[in-house]
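*Asks:* I have a structure I would like to understand better, so I am pasting it below and will then ask my questions one at a time.
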Amino acid sequence: MINEICKIFSSEYGKKGDALIVDNYTLSPGDYVEFTLEDSGDRVEIFSVDKKTDKSQDDYRKFAKMDCISGLISMNKPVDPTKVIHSNNMYTFYVKKENLDPSKGKLNVEIIDKYYDILKNPKDKYKNKKKSLELYLKFEKEQGKPDGELIDKIRDWIKQNIYKIASRKSLDKTYLKLFYNTDSKNYERESQRYIIPNIYNSTDYNVKIGDKVYGLPDFNIGLNSKKPYLENKTRKSKLPVLVDSSTISMEKKLFDYFMNYAQEKKNYIYAGSDIDAVDYKENKKDDFKGYFLRINKGKEAEIADYDTITEYRYKLKRSIEVLPIINGGAGKDFELFLGVLNNLGEVKSRISEVFFNKYLENNFFTEAKSINLNDARVKECLLKYRYGLYTWFYKGEDFLASTFWNSMTLYLLCNSINQGNINKAVNQFNLRHAVLYYFNNEKGGKSMDAVVKSVRKSIDEKINIKEDPEYKVEAENDEEYYFCIGQLLKYFYSLNKSGNKSYSFINPFLNAKSSEFIKEKLRKLFIKYDYAIQSSFRFNNMYYMVSSYNTEGKVDQDIIIAGFLCPNLIYKKSEKENQNEEAN
């Protein structure tokens, strides 16, 4: 897959060149200095960079162009054997400022000399690595030897001035990066002098076929003699991949390009006709077919997930209409979340807010211990189901989400009720069924809205019948039966005058396996609160409708919850009662 993405990138690179990388390059926090041999360390201009530095500044772009080609491929392949100096060519000098502390810093004259000695005579570095030496000698033949005289002059300048510069800054853990003022082509040449012999995972794996050298890239691939299990044992060649020397240079630029995105926290990469990236707060807003990568920022851009996407659509195949199936909450601060969700971004944001306390968007891949969610059950669901939601929102694949949406949202809905958070439960109930309808679930959205409206109207009429010669006060179906159970539970809850009452008392009803168990639990509640039940024909009718109905079907938790969350019909005032109040 990387080969295919590299071809896409190569096409873009052919149009824009290094600007494709430099224009989005992010400098590490620290201090940057461009110098000439005539400058003095106590007067040279220092450009300081932090996370808030304006990237559009000319100085920022100048240093970005030099910095992006002057770093090490990895800390395992330094020029300086002590790994104190982190630059790769004669024109640059990178060091952590804490290592410039006169009393406890690691940098010293010996390390500086060793660094420049290697740059002056690169062959010495590769004398025990035959294939690396061959690569270097080929480069030297084409581009010439290093300028030893200039290297010595720069070496002397660094020794004389670096501590003067350091004395002007706080010696923290950020970098001091020094750049010699010279033509950009010189930077590119000397950077390549380091990169070409070091770009492969190990030149021990290199093979020469015709005029080309093929080897194992060093990008997101681990392979060494101590880890034989990483080898491909089923093929003649045990290496996972072999890349020729021209292609591998482009792959390095590709991973530099990815690193820019990782620095900006744009971790989701889409490679189709071109390459695009979005962060966790955004979604790709165009329809897409192609390759998908999720990258992380490590010592390099790390590929954490990859996939081939056959059909990603930002706009939903049909809108999700969140209806007011339940429209009443508690208190003045209650906000009913309704409306139409038209795209993946809107769905992601609403689900994160309503079901996950706004923690989902920020924590698709956060380690469990780093998620500071106080509600253990919400955190449990976040960890259990976030990958399936991630594949829906960023890959456009909703199959996984459709398989667990029903169980996940019912669990979270019940959790909100147990905690007494009725306002959250109301919005969860409405959103739960809107998405179920989108997934073509028989209990979802508009069908649930129609069921609740029909059941409420029917029960409202029946419990207000004072004389029943035609035997109309009967539950006609399971929906009416379970809705009445929810209404009775809410009524009994209202009779509880204790200071520590909790909605968790409805759990046995939601988890019940039979109608007989529910009726027995209701009977016990009736006995418990009979002293507080005032003479009410509405209550009598509703209780009769439950006690006289028999069902062998599965307990309908959703309808019980709907009955519990809806305004209680037992307390509803009739039109005549409202007219009397207005007259008074």
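*Asks:* Mind counting the residues in the stretch 10-30 that are under 19 Å from ALA271 (Cα atoms), assigned to a helix (DSSP H, G or I) and not small (Gly, Ala, Ser)?
*Replies:* Of the residues in the stretch 10-30, 6 are under 19 Å from ALA271 (Cα atoms), assigned to a helix (DSSP H, G or I) and not small (Gly, Ala, Ser).
*Asks:* Report whether or not LYS127 is surrounded by fewer than 17 Cβ atoms within 10 Å (Cβ to Cβ), within 26 Å of LYS252 (Cβ to Cβ) and either at pLDDT 95 or above or out of contact with any Cys (no Cβ under 8 Å at 6 or more places or on another chain) (or both).
*Replies:* Answer is yes for this residue.
*Asks:* Which of the following residues is surrounded by fewer than 20 Cβ atoms within 10 Å (Cβ to Cβ) and under 42 Å from the mean Cα position of the chain (by Cα): ASN511, ASN464, ASN477, ASN496?
*Replies:* Of the residues listed, the single one that is surrounded by fewer than 20 Cβ atoms within 10 Å (Cβ to Cβ) and under 42 Å from the mean Cα position of the chain (by Cα) is ASN511.
*Asks:* Next question. Does any residue in the stretch 513-526 that is free of Cβ contacts under 8 Å to residues at least 24 places away in the same chain and in the same structural domain as ILE560 (by TED's automatic domain parsing) come within less than 9 Å, Cβ to Cβ, of a residue that is of a type in the set (Gly, Ala, Ser) and not in a helix (DSSP H, G or I) six or more places away or on a different chain, and which pairs are these?
*Replies:* LYS521/ALA512
*Asks:* Is there a residue in the stretch 405-423 that is under 27 Å from ASP305 (Cα atoms) and crowded, with 24+ Cβ neighbours inside 10 Å?
*Replies:* no
*Asks:* Working only within the stretch 31-81, note down all residues that are assigned to a loop (DSSP other than H, G, I, E, B), surrounded by fewer than 16 Cβ atoms within 10 Å (Cβ to Cβ) and either outside the structural domain of GLU98 (by TED's automatic domain parsing) or free of Cβ contacts under 8 Å to residues at least 24 places away in the same chain (or both).
*Replies:* Answer for the stretch 31-81, where residues must be assigned to a loop (DSSP other than H, G, I, E, B), surrounded by fewer than 16 Cβ atoms within 10 Å (Cβ to Cβ) and either outside the structural domain of GLU98 (by TED's automatic domain parsing) or free of Cβ contacts under 8 Å to residues at least 24 places away in the same chain (or both): GLU38, ARG43, GLU45, ASP50, LYS51, LYS52, ASP54, SER56, GLN57, ASN76.
*Asks:* Given TYR543, TYR482, TYR531, TYR503, which one is loosely packed, with under 11 Cβ neighbours inside 10 Å, aromatic (Phe, Trp, Tyr) and not assigned by TED's automatic domain parsing to the domain that holds ILE417?
*Replies:* Among TYR543, TYR482, TYR531, TYR503, only TYR531 is loosely packed, with under 11 Cβ neighbours inside 10 Å, aromatic (Phe, Trp, Tyr) and not assigned by TED's automatic domain parsing to the domain that holds ILE417.
*Asks:* Could you identify the single residue in PHE509, PHE492, PHE537 that is touching a Lys or Arg at 6+ places or on another chain (Cβ under 6 Å), in the same structural domain as LYS572 (by TED's automatic domain parsing) and in contact (Cβ under 8 Å) with a residue 24 or more places away in the chain? It would help to see each step written out before you state the result.
*Replies:* Details: PHE509 fails: touching a Lys or Arg at 6+ places or on another chain (Cβ under 6 Å); PHE492 fails: touching a Lys or Arg at 6+ places or on another chain (Cβ under 6 Å).
Going through PHE509, PHE492, PHE537 in turn, the sole match is PHE537.
*Asks:* Still on this structure: Does any residue in the stretch 247-274 that is more than 16 Å from ILE73 (Cα to Cα) come within less than 6 Å, Cβ to Cβ, of a residue that is acidic (Asp, Glu) and surrounded by fewer than 22 Cβ atoms within 10 Å (Cβ to Cβ) six or more places away or on a different chain, and which pairs are these?
*Replies:* Final answer for the pair search is LYS265/ASP279; LYS266/ASP279; TYR270/ASP276.
*Asks:* Give the number of residues within the stretch 459-495 that are assigned to a loop (DSSP other than H, G, I, E, B) and closer than 17 Å to TYR543 by Cβ. Step through it out loud before you land on a result.
*Replies:* Initially, the stretch 459-495 is screened for residues assigned to a loop (DSSP other than H, G, I, E, B), giving 464-477.
In the following step, the residues that additionally are closer than 17 Å to TYR543 by Cβ were identified as 464-466, 468, 471-476.
Final tally of qualifying residues: 10.
*Asks:* So which of THR409, THR403 is within 16 Å of VAL347 (Cα to Cα) and polar (S, T, N, Q)?
*Replies:* Details: THR403 fails: within 16 Å of VAL347 (Cα to Cα).
After applying the criteria, what remains is THR409.
*Asks:* Still on this structure, please answer the following. Hey, does the stretch 111-118 have a residue that's among the aromatic types (Phe, Trp, Tyr), closer than 17 Å to PHE179 by Cα and out of contact with any strand residue (DSSP E or B) (no Cβ under 6 Å at 6 or more places or on another chain)?
*Replies:* yes
*Asks:* Can you tell me which of ILE533, ILE570 is β-branched (Val, Ile, Thr), closer than 25 Å to PHE429 by Cα and either touching a helix residue (DSSP H, G or I) at 6+ places or on another chain (Cβ under 9 Å) or assigned to a loop (DSSP other than H, G, I, E, B) (or both)?
*Replies:* ILE570
*Asks:* Among the residues of the stretch 465-474, are any at positive phi and without any contact (Cβ under 8 Å) to a residue 60 or more places away in the chain?
*Replies:* yes
*Asks:* Inside the stretch 32-69, can you point out the residues that are aromatic (Phe, Trp, Tyr) and in contact with a helix residue (DSSP H, G or I) (Cβ under 8 Å, 6 or more places away or on another chain)?
*Replies:* Scanning the stretch 32-69 gives TYR32, PHE35, PHE47.
*Asks:* Among the residues of the stretch 311-338, write down those that are out of contact with any Gly (no Cβ under 9 Å at 6 or more places or on another chain) and in a strand (DSSP E or B).
*Replies:* LYS315, LEU316, LYS317, ARG318, SER319
*Asks:* Out of all the residues in the stretch 173-191, which are acidic (Asp, Glu) and surrounded by 12 or more Cβ atoms within 10 Å (Cβ to Cβ)?
*Replies:* GLU188, GLU190
*Asks:* Among the listed residues ILE295, ILE371, which satisfies the condition of being closer than 30 Å to CYS6 by Cβ and within 16 Å of the chain's Cα centre (by Cα)? Before the answer, list the steps.
*Replies:* Details: ILE371 fails: closer than 30 Å to CYS6 by Cβ.
Checking each option against the conditions leaves just ILE295.
*Asks:* Let me ask another. Residues in the stretch 106-113: is at least one aliphatic (A, V, I, L, M), under 18 Å from ILE151 (Cα atoms) and in a loop (DSSP other than H, G, I, E, B)?
*Replies:* no
*Asks:* Only one of these is under 27 Å from VAL49 (Cα atoms) and either β-branched (Val, Ile, Thr) or surrounded by fewer than 16 Cβ atoms within 10 Å (Cβ to Cβ) (or both): ASP147, ASP152, ASP156. Name it.
*Replies:* Working: ASP147 fails: under 27 Å from VAL49 (Cα atoms); ASP152 fails: under 27 Å from VAL49 (Cα atoms).
Only one candidate qualifies: ASP156.
*Asks:* Residues in the stretch 402-423 that are touching a residue at least 24 places away in the same chain (Cβ under 8 Å) and either in the same structural domain as LYS490 (by TED's automatic domain parsing) or under 20 Å from ALA434 (Cβ atoms) (or both): how many?
*Replies:* Within the stretch 402-423, residues that are touching a residue at least 24 places away in the same chain (Cβ under 8 Å) and either in the same structural domain as LYS490 (by TED's automatic domain parsing) or under 20 Å from ALA434 (Cβ atoms) (or both) number 14.
*Asks:* Among (1) among the polar types (S, T, N, Q); (2) closer than 27 Å to GLY298 by Cα; (3) assigned to a loop (DSSP other than H, G, I, E, B); (4) more than 35 Å from the chain's Cα centre (by Cα), where does SER103 come up short?
*Replies:* Status for SER103: all satisfied but (2).
*Asks:* Restricting attention to the stretch 1-52, which residues are within 33 Å of the chain's Cα centre (by Cα) and small (Gly, Ala, Ser)?
*Replies:* SER10, SER11, GLY14, GLY17, ALA19, SER28, GLY30, SER48
*Asks:* Tell me which residues, restricted to the stretch 274-296, are of a type in the set (Lys, Arg) and buried (at least 16 other Cβ atoms within 10 Å of the Cβ).
*Replies:* Across the stretch 274-296, the qualifying residues are LYS284, ARG294.
*Asks:* Check LYS266, LYS226 and return the single one that is basic (Lys, Arg) and at pLDDT 90 or above.
*Replies:* Going through LYS266, LYS226 in turn, the sole match is LYS266.
*Asks:* Working only within the stretch 394-404, note down all residues that are crowded, with 17+ Cβ neighbours inside 10 Å and in contact with a helix residue (DSSP H, G or I) (Cβ under 9 Å, 6 or more places away or on another chain).
*Replies:* Answer for the stretch 394-404, where residues must be crowded, with 17+ Cβ neighbours inside 10 Å and in contact with a helix residue (DSSP H, G or I) (Cβ under 9 Å, 6 or more places away or on another chain): TYR394, GLY396, GLU397, ASP398, ALA401, SER402.
The values are calculated or read from the model by the stated rules, or taken from the named source; none is laboratory data. Since we're looking at a predicted model, the values are computed, not measured. All Cβ positions, even for glycine, are placed from backbone atoms using ideal geometry, and neighbour counts span all protein chains on display.
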